[in-house]
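The values are calculated or read from the model by the stated rules, or taken from the named source; none is laboratory data. If you're wondering where the values come from, they're calculated on a predicted model, not measured in any experiment. Please note: Cβ atoms are built from the backbone with ideal geometry, for glycine as well, and neighbour counts cover all protein chains shown.
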Amino acid sequence: MSAVSLAALVGLGALVLYAVFGGADFGGGVWDLLATGPRASRQRAAITAAIGPVWEANHVWLVFALVLLFTCFPEAFAAISVGLFAPLLLALVGIVLRGAAFVFRNYASDAPAVTALWTVVFGIASLLTPFFLGAAAAGLATGRFAWAEPFALSGGLFAVVVCAQIAAVFILREIEPGPLQDDFRRRAVRATLAVWAVGIVPALFALREPIMLSALEKPVALAAIAVALLAGLATIVCVLRRWDWPARVAVGAEATAILAGWFGAQAPDLIPGRYTYVMAASSDAMIDLFLIATGIGMVVLVPSMLLLFRVFKRAPIPD
């Protein structure tokens, strides 16, 4: 395998990790916004307790993916930064607002009006950020950076639903069995069904995009769709049978299949119709050094992340 291909796969791995762990955080914010019923306040408290210790750390995968892009594929980074400036800026604004709202809300518990305001900001920012990231990814897939067209906007909606699904599944192991856990168990099943339903929309719009149509016809894309559907079915079965750890694995496999299918369907293009990975790559020496630095960095980063989760994720939240 060439260094360019390896760098591209490392970038895909970073995006998968961000989609799963960062997506769970964004999805938690979506459920925070949609909290209803007699246990709404307890639902929000459970979400806060679940994501509070780790939500900032999960952004490391997005930062890593961006560093990899501008280091190993600088020409593509420049084109993407210009062509998708608007949705990426809006996603960044959402990330900042979401973090600020999360902190301000928790420190304003003695002022209900202020807490309510920042709760709304937190929820809306958690919804808009994955929406614009999804729209940007779909706009990139068109090769025209057409992020404001129906295909890309439906891709943004799909990203929001996937994040909500991941969050609902992941939080099940964070809560002790009881009515509160059952609330999220129902949401996990419904969100999985919503992923299937909403996922049809961008697929239909893709039929009108010549580049996307040819990509969807590739065996790797068809295989990824099949794996994602099977993983979604496995998620529902695991959630209903209360196999919460396998449910996490299944929903993670679904997200991985979605991103791997997108990656494989576009290959060897990084920006369809503009740059292949080889055309956009920096020098071999630069990529080699980056991969070496990545290997060394992961020796420190991965154990640190595992320790963080072990320390702050040991006891389930009381129902």
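Tabulated data
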| read-out | value |
| --- | --- |
| Selection status of Val249, surrounded by fewer than 19 Cβ atoms within 10 Å (Cβ to Cβ), within 17 Å of the chain's Cα centre (by Cα) and modelled with pLDDT of 95 or more | yes |
| Candidates Ala231, Ala221, Ala226, Ala257, filtered to the one that is out of contact with any Phe, Trp or Tyr (no Cβ under 6 Å at 6 or more places or on another chain) and without any contact (Cβ under 8 Å) to a residue 24 or more places away in the chain | Ala226 |
| Any hit, the range 53-70, residues being among the aliphatic types (A, V, I, L, M) and within 19 Å of Glu174 (Cα to Cα) | yes |
| Residue in the range 137-157 that is of a type in the set (A, V, I, L, M), under 26 Å from Phe263 (Cα atoms), over 19 Å from the mean Cα position of the chain (by Cα) and modelled with pLDDT under 95 present | yes |
| Test for Glu217: is it surrounded by 19 or more Cβ atoms within 10 Å (Cβ to Cβ), of a type outside the set (Gly, Ala, Ser), under 18 Å from Pro272 (Cα atoms) and out of contact with any Gly (no Cβ under 7 Å at 6 or more places or on another chain) | no |
| Residues of the range 1-45 satisfying the condition of being in contact with an Asp or Glu (Cβ under 7 Å, 6 or more places away or on another chain) and under 19 Å from Asp182 (Cβ atoms) | Arg39, Gln43, Arg44 |
| Any hit, the range 124-132, residues being β-branched (Val, Ile, Thr) and crowded, with 24+ Cβ neighbours inside 10 Å | yes |
| Residue that is farthest from Ala191 (Cα to Cα) [pool: residues in the range 236-246 that are among the aliphatic types (A, V, I, L, M) and either surrounded by 20 or more Cβ atoms within 10 Å (Cβ to Cβ) or in contact (Cβ under 8 Å) with a residue 40 or more places away in the chain (or both)] | Leu240 |
| Subset of the range 136-180 (residues that are farther than 29 Å from Leu216 by Cα and surrounded by fewer than 21 Cβ atoms within 10 Å (Cβ to Cβ)) | Arg173, Glu174, Glu176, Pro177, Gly178, Pro179, Leu180 |
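Residues are listed down the side, and each one gets a yes or a no for (1) within 20 Å of the chain's Cα centre (by Cα); (2) surrounded by fewer than 22 Cβ atoms within 10 Å (Cβ to Cβ); (3) acidic (Asp, Glu); (4) in a helix (DSSP H, G or I):
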| position | (1), (2), (3), (4) |
| --- | --- |
| Val195 | yes, no, no, yes |
| Arg208 | no, yes, no, no |
| Ala234 | yes, yes, no, yes |
| Ala255 | yes, no, no, yes |
| Val278 | no, yes, no, yes |
